[in-house]
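A.B. asks: Below you will find the structure I want to go over with you.
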Amino acid sequence: MRISRKISLAAAAAAILTAGGVAVAQNRTTNPVHDVPAASANGNLVVGLCDGKTTAEVPGVKPGQTLTPKQAQDVSDRLMNDWKAKNPGANWDDAPKVAQNAPPPPARPAPPEGPVASNGGKQEAHTYGSYTKRDEEIWKASTDAFIEQGRQIFHDAGRLGGTIGVSCDMCHPNAANTHPETYPKYQVQLGRVAMLRDMINWCIENPVRGKPLADDDPKLKAMEAYILAQRKGVALEYGKH
Amino acid sequence: MAIKGVKSVETKYMEEREALFKSISQLGRRDFVKAAGISAAVVASKGLMHPHSFQLVDIAKAETANGGSGAGGFTFAYISDTHLYKKTLNDRFIRSILRAVDDVNALNPQPDFVFFGGDLAQLGAKEELDLGAQILKGVKAPVKMMVGEHDWFLDMGQHWQQLFGAPSYSFDHKGVHFVVLMSVNEKDFWTQRGFTPEQRMQTVAGLDNGTQSRFEVGDAGRQWLKNDLDKVDANTPVVVFSHSPLYKYYRDWNFWTEDADQVQAILSKFATCTVIHGHTHQMLSNRIGNINFHGMLSTAWPWPYAPTGLPKLTVQMNRSDPFDNLDGCGDGRFNVLRGGTVDQIYSLWDRNPVTVRASYLASNGTSDAPAATKLVSY
């Protein structure tokens, strides 16, 4: 099963190369799951890192038991240190930076000289980042196809479930005036904090006179994608009125 | 389970809607007030209208200060961009045009005429145009019609012309020469693509698609305009109506006329010239050379301001409230002053009206500026 899937992917890749075009990656229907043993040989809980490979045992804690905050921090630190040891010089941000609020970062000092890598100076890592230009093209095409689905729904009263012939683009050409960068914000008319999807659904229900979509409806996601894509480069400014 | 004798909100709404349609189909002038009343009641019952809704109906008397006698000294009103669907599909846009008709009928004194700025229909269908024609019969003052692209591209203007006549024409009124100019011609983008008339219409009806061509008056239209204006003295005030703005605002949305520069050149000989256009559904003002430009409001929905190209003399209208489907919409009137210059009064529904004076445009914004917007667009 796994082998045949690989073969069919390879065949698809060959077809793409022959055609000279860019394919759209298949969308997964389930998320990948990391394979972490429930318990070590000693019967202790094993915790996995997000790379799906690095694991650490928590002494004295059995599967099903909850870690104390100190134990949790400790195992997280050990996992992270393991990962850093396996990936010397990897570019890891120690804390998430909120780009739009942070002052420009100071110039990064040059990394210390490390051992010379065998593959021409790039670090060889199993981590996110080992991909080719062709991968990037496929990903871009996939993203653009998703945005295009959103564009079509945005422009189609029928697919929006509208009952009076009104579609989003009739008031929002190119998604103008939807300002996704201002959410979350307190939406005065709703009397509560709203996200972009709340407003999309409000519009579907009222001017469009359709039925609101479920939060995980693929149509809603595609429309969010289209709207966000129209505002590329605009600074996030949540709460703006 | 239905409770006997109790009607749901939905049932009541549908019954009122039926009554509205019935009254429209019997619409004569006498019945108009009744239909508008039902419409208002339905809107109010749906909570779609502010309770403090009002419409200022007092007319500032057309000024006589600047010129004394001669041309001008009168008022005309407008309704524009109503975008009617067939009535069984969409009653919201019907309520809006009824409100506009109500507004212009309530003007006292009455305007000399009511100008309709185009896009009566949404998809150019016969029943949409017929519905619009029937509703406009409720206007007390004489109505002058202009065509928009939504009226045209299903049957290339056939039915519209049967109802309303030629798309370009001119007339004289109290010393002012008025021209109605068909400006929404497009070069054939449909034959090669094998579009049906419906596909052609649907394409033109969208603003943000790159498939359609740009609007143009075209060679024949410009020749007609030249011939018409050859007979007019350069000191006669001229007012030109066009559906698209006769300048280049934003190409991607066809807020644009491709041969605008050539049309402006034809108009440049006149000392006093005003262009009034529809299509852009927003407060929009411009001045190029001697020519003042005014956009009209829509009754159906407001368009956002385009990301680039907004004329610097435009005072933006306040951002419209998405929770109020009449906000940012409206109608308005034009005061033709003695001497033939034109002030526009934007009658935005449920807001204070905004006046954009000829003197504001002529002074390049240094005097008589309209009140600035509180919330500019994003």
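Every number in this text was worked out from the coordinates using simple rules, so none of it is lab data. Everything numeric here is computed off the predicted structure, so don't read it as measured data. Heads up, the Cβs are rebuilt from the backbone with ideal geometry, glycines too, and the neighbour counts pull from every protein chain shown.
A.B. asks: In debye, nearest 20, what is the charge dipole magnitude of segment B:55-362 about its Cα centre with +1 on Lys and Arg Cβ and -1 on Asp and Glu Cβ, if you could check?
C.D. replies: On the way: 28 positive and 34 negative charges, 102 e Å.
So the magnitude is around 480 debye.
A.B. asks: Would you mind giving the mean number of other chain beta-carbons within 10 Å of the Cβ of each residue in A:172-184, as a whole number? Display every interim value, and only then the final one.
C.D. replies: Details: counts 6, 12, 8, 2, 10, 9, 3, 2, 1, 1, 1, 0, 0.
Going residue by residue through A:172-184 and averaging, the value is 4.
A.B. asks: For B:K248, go through the lysines and keep the ones whose alpha-carbon is under 17 Å away, minus same-chain ones fewer than eight residues off.
C.D. replies: Answer for B:K248, where 17 Å is the Cα cut-off: B:K312, listed by chain and number.
A.B. asks: Sticking with this one: If I model a spin label at A:I164 and B:K312 as a point 7 Å from the Cα along the Cα→Cβ vector, what separation in nanometres do I get?
C.D. replies: 4.1
A.B. asks: A:K240 to A:D216: FRET efficiency via 1/(1 + (r/R0)^6), r the Cβ-Cβ distance, R0 35 Å, to the nearest 0.05?
C.D. replies: On the way: r = 27 Å, r/R0 = 0.76.
The calculated FRET efficiency here is 0.85.
A.B. asks: Applying 1/(1 + (r/R0)^6) with R0 = 35 Å to the Cβ-Cβ distance of A:A85 and A:A141, what FRET efficiency is obtained, to the nearest 0.05? Let's see the in-between values first.
C.D. replies: Working: r = 37 Å, r/R0 = 1.06.
Approximately 0.40, to the nearest 0.05.
A.B. asks: Residue by residue through B:321-332, how many Cβ atoms from other chains fall within 10 Å of the Cβ on average? List each step's numbers first, then the result.
C.D. replies: On the way: counts 2, 11, 9, 1, 4, 0, 0, 1, 0, 0, 0, 0.
Mean number of neighbouring Cβ atoms from other chains: 2.
A.B. asks: Additional query: Under 1.5 on a/c is rounded, so check that first for segment B:248-331, then, if it is not, pick prolate when a/b is larger than b/c and oblate when it is not; a ≥ b ≥ c are the square roots of the alpha carbon gyration tensor eigenvalues.
C.D. replies: Working: a/c = 2.38, a/b = 1.93, b/c = 1.23.
Since a/c reaches 1.5 and a/b is larger than b/c, the shape of segment B:248-331 is classed as prolate.
A.B. asks: How high is the FRET efficiency between A:Q73 and A:V193 when r is their beta carbon distance and R₀ equals 41 Å, given to the nearest 0.05?
C.D. replies: Working: r = 31 Å, r/R0 = 0.76.
My answer for the efficiency is 0.85.
A.B. asks: In straight Cα distance, which aspartates and glutamates are under 16 Å from A:K140, not counting same-chain residues fewer than 8 positions off?
C.D. replies: The qualifying aspartates and glutamates are A:E148.
A.B. asks: Answer with one residue from B:V101, B:V143, B:T88: the one whose Cα lies farthest towards the positive end of the charge dipole of chain B, charges on Cβ with Lys, Arg +1 and Asp, Glu -1.
C.D. replies: Toward the positive end, the furthest listed residue is B:V101.
A.B. asks: Towards the positive end of the charge dipole of segment B:55-362, with charges on Cβ (+1 Lys, Arg; -1 Asp, Glu), say which of B:S359, B:L310, B:Q162 has the farthest Cα.
C.D. replies: Highest projection toward the positive end goes to B:S359.
A.B. asks: Also, I was wondering about something else. With 18 Å as the limit, write out which pairs from B:K87/B:K137; A:K219/B:K86; A:K211/B:K87; B:K126/B:K187 have Cα-Cα distances beyond it, or answer none.
C.D. replies: Values: B:K87/B:K137 16 Å; A:K219/B:K86 28 Å; A:K211/B:K87 21 Å; B:K126/B:K187 23 Å.
Pairs exceeding 18 Å: A:K219/B:K86; A:K211/B:K87; B:K126/B:K187.
A.B. asks: Working from Cα positions, state the angle (0 to 90°, nearest 10) between the long axis of helix B:29-45 and the longest principal axis of chain B.
C.D. replies: That helix lies at roughly 70 degrees to the long axis.
A.B. asks: Still on this structure: Roughly how big is segment B:297-378's charge dipole about its Cα centre, with Cβ charges of +1 (Lys, Arg) and -1 (Asp, Glu), in debye to the nearest 20?
C.D. replies: Details: 7 positive and 7 negative charges, 61 e Å.
In debye, rounded to 20, segment B:297-378 gives about 300.
A.B. asks: I've got another one for you. Partner chain Cβ atoms within 10 Å, averaged over the residues of B:195-208 - can you pull that number for me?
C.D. replies: Numbers: counts 0, 0, 0, 0, 0, 0, 0, 1, 0, 0, 2, 5, 8, 10.
Taking the mean over all residues of the peptide, I get 2.
A.B. asks: What order, most packed first, do the peptides B:78-84, A:145-151, B:189-195 have when packing is the mean number of other Cβ atoms within 10 Å of each residue? Mind showing how you got there, number by number?
C.D. replies: Values: B:78-84: 28.7, A:145-151: 19.3, B:189-195: 11.9.
Highest to lowest by the protection proxy: B:78-84, A:145-151, B:189-195.
A.B. asks: May I ask you to list the aspartates and glutamates whose Cα is less than 15 Å away from that of A:K185, ignoring any residue fewer than eight positions away on the same chain?
C.D. replies: Partners found: A:D198, A:E237.
A.B. asks: From the residues B:V176, B:F195, B:Q212, which one has its Cα farthest along the dipole of chain B in the positive direction, the dipole being from +1 and -1 charges on Cβ of Lys/Arg and Asp/Glu about the Cα centre?
C.D. replies: Of the candidates, B:V176 comes out farthest on the positive side.
A.B. asks: Among B:Y305, A:Y183, which comes first, then next, by fewest other beta-carbon atoms within 10 Å?
C.D. replies: Numbers: B:Y305 24, A:Y183 20.
Least to most surrounded, the residues fall as A:Y183, B:Y305.
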